[in-house]
1. How about segment 33-55: which of its residues are more than 22 Å from residue 182 (Cα to Cα) and either touching a residue at least 40 places away in the same chain (Cβ under 8 Å) or buried (at least 21 other Cβ atoms within 10 Å of the Cβ) (or both)?
2. Could you identify the single residue in 439, 372 that is touching a helix residue (DSSP H, G or I) at 6+ places or on another chain (Cβ under 7 Å), closer than 30 Å to residue 319 by Cβ, among the hydrophobic types (A, V, I, L, M, F, W, C) and assigned to a helix (DSSP H, G or I)?
3. On the basis of being touching a residue at least 40 places away in the same chain (Cβ under 8 Å), surrounded by fewer than 24 Cβ atoms within 10 Å (Cβ to Cβ), aliphatic (A, V, I, L, M) and not in a loop (DSSP other than H, G, I, E, B), does residue 411 make the cut?
4. Does residue 339 satisfy the condition of being part of a helix (DSSP H, G or I), more than 30 Å from residue 88 (Cβ to Cβ) and free of Cβ contacts under 8 Å to residues at least 60 places away in the same chain?
5. May I ask you to list the residues in segment 115-128 that are surrounded by fewer than 18 Cβ atoms within 10 Å (Cβ to Cβ) and farther than 8 Å from residue 152 by Cβ?
6. Grab the helices (runs of 4 or more DSSP H) fully contained in segment 243-322, keeping just those with 1 or more residues being of a type in the set (Val, Ile, Thr) and more than 25 Å from residue 367 (Cβ to Cβ).
7. Could you run through segment 129-151 and say how many residues are part of a helix (DSSP H, G or I) and surrounded by fewer than 16 Cβ atoms within 10 Å (Cβ to Cβ)?
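The values are calculated or read from the model by the stated rules, or taken from the named source; none is laboratory data. Keep in mind that what you see is a predicted model, and the values were worked out from it rather than measured. Reconstructed Cβ throughout: ideal geometry from the backbone, glycine too, with neighbour counts over all protein chains shown.
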Amino acid sequence: MALIREAVWGSKQDFTVISIDRAVVLLAVPVVLEMAMESLFGIVDIIFVAHLGAVATATVGLTEGLMIVVSTIAAGLSAGAAAMVSRRVGEKDGDGAADAAVQSILLGIVASALLFVLCLPLAPSLLSWMGAGPEIVRAGSAYTRITMSSSGIVLMLFLMNAILRSSGDAATAMRVLWLANLVNLCLDPCLILGLGPFPKLGVTGAALATLIGRSLGVVAQLFILCRGLGRVVIGRKHLKVNFKLLTGILKIGVSGTLQSGITLSSWLVMARLVQSFGAAVAAGYTVALRIVVFSMVPSWGLSAAAATLVGQNLGARQYQRAEQAVWRAGFFNMIFLGSLSAIFLFFAPSIGRIFSEDPAVIAASASCLRIMSLCYVIYAWGLVIVQALNGAGDTLTPSVINIVCYWVVQLPLAFLLGRRLQFGPNGLFFAIFTSQLVMSLVSIGVFRRGKWKTYAVLGAEPAA
């Protein structure tokens with residue numbers, strides 16, 4: 001419990017020196033709590049909006065689909081920033097870490113400005129492009145215009161949290177996101193329903209609440225970075241353009257964006273294939289994915305911890321320790337996902353009943369959960385290793401792995417099993433299982449070769 005408290009309140013320890021197990025816990029716990037709060041916000045937000053009717057709910061759902069593009073860009077830039085900052089922190093180069101943070105923030109500002117210029121006038125067209133009817137476009141344009149034109153705020157929030165997290169300030173990143181989401185949750189009912197002195201704005205109020213909450217989070221991040229309250233301290237001498245750093249971070253970021261885009265686009269195609277088997281199967285698949293996303297939050301925390309430890313230990317030239325950190329994080333993840341797999345195998349129908357009373361939906365979600373979780377013991381290692389490669393600055397290798405596993409293996413196999421061989425929806429689920437298994441085995445093989453240890457990040461010295 002003392003270790004958990006230290007993780008939540010923030011640790012000042014050197015993660016390149018302390019016990020690897022202790023470092024994994026100190027870095028993973030805040031990320032898990034951070035993502036849990038983000039998931040809670042998504043649930044509560046849609047509850048408030050759902051009371052406004054189907055049009056408002058559909059507007060939020062379609063806009064979330066558009067936000068996938070923003071999430072992809074944010075993931076890519078965050079990967080570049082995290083790789084560079086963690087490497088410099090490991091080298092004990094405070095000025096280098098601050099320079100990398102500033103250049104990453106500059107890239108984020110440019111991306112945010114482009115999003116604002118493109119999305120502000122095009123909001124109604126974007127809704128129509130997503131398939132919205134005239135009623136949704138008429139009622140939801142204001143929501144989409146506010147959300148999409150201010151999506152740069154979301155990008156900056158997650159980018160600077162990646163900077164904090166990769167420097168070892170995972171607890172600070174957690175608190176910033178908690179602040180943003182708590183403000184959002186408090187303002188949601190006030191602006192949506194018009195409580196007290198607040199105007200009743202309906203679904204537009206939800207967009208304003210998100211904008212205000214996330215903006216306060218960004219202000220808090222800038223305050224922490226510029227006032228020296230974290231491990232990365234930005235001073236006036238760092239506020240200059242460094243084209244070498246910009247180019248290097250952008251190079252990693254483009255590969256990271258490609259990596260996320262490959263995964264997301266393959267899942268969109270998979271969702272289209274699932275829908276061809278009817279509404280009940282599509283609903284069951286959606287329920288299963290929501291359960292998986294929520295239940296795997298600890299895995300993402302462990303993966304983030306591995307990425308930070310790899311970057312910092314490579315910077316400290318402790319290559320063996322960097323490798324050991326990944327194996328330990330993978331071991332912990334194997335224990336967790338192995339337990340989760342057992343729960344899904346035995347209790348999948350009961351879990352599905354929480355979300356639906358339709359027997360067909362419950363059956364589809366149960367089949368999806370059971371088949372996908374068959375490889376979780378191996379998949380646990382794949383998840384951690386992919387993020388570890390990102391932490392080393394090698395975002396290109398995971399991108400290639402994703403192309404092979406999702407576009408060469410998963411999608412063709414899904415069509416073959418589901419349609420040609422007539423295994424039905426289970427054929428699609430077995431295709432997902434196969435791609436996850438292949439991804440994990442390939443990732444383990446690539447990691448064991450050790451080439452990632454020689455990956456120089458923006459001037460950092462590679463291993464001999």
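1. 55
2. Working: 372 fails: closer than 30 Å to residue 319 by Cβ.
Criteria check complete, one pass: 439.
3. Working: touching a residue at least 40 places away in the same chain (Cβ under 8 Å): yes; surrounded by fewer than 24 Cβ atoms within 10 Å (Cβ to Cβ): yes; aliphatic (A, V, I, L, M): yes; not in a loop (DSSP other than H, G, I, E, B): yes.
Yes: the conditions hold for residue 411.
4. On the way: part of a helix (DSSP H, G or I): yes; more than 30 Å from residue 88 (Cβ to Cβ): yes; free of Cβ contacts under 8 Å to residues at least 60 places away in the same chain: yes.
Judged against the criteria, residue 339 is a match.
5. Matches in segment 115-128: 117, 118, 120, 121, 122, 124, 125, 128.
6. Numbers: elements: 243-275, 279-295, 297-315.
The qualifying helices (runs of 4 or more DSSP H) are 243-275, 297-315.
7. Final tally of qualifying residues: 4.
Yes/no per residue for (1) assigned to a helix (DSSP H, G or I); (2) modelled with pLDDT of 95 or more; (3) touching a His at 6+ places or on another chain (Cβ under 9 Å); (4) outside the structural domain of residue 334 (by TED's automatic domain parsing):
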{"site": "362", "(1), (2), (3), (4)": "yes, no, no, no"}
{"site": "365", "(1), (2), (3), (4)": "yes, no, no, no"}
{"site": "393", "(1), (2), (3), (4)": "no, no, no, no"}
{"site": "399", "(1), (2), (3), (4)": "yes, no, no, no"}
{"site": "423", "(1), (2), (3), (4)": "no, no, no, no"}
{"site": "434", "(1), (2), (3), (4)": "yes, yes, no, no"}
{"site": "459", "(1), (2), (3), (4)": "no, no, no, yes"}
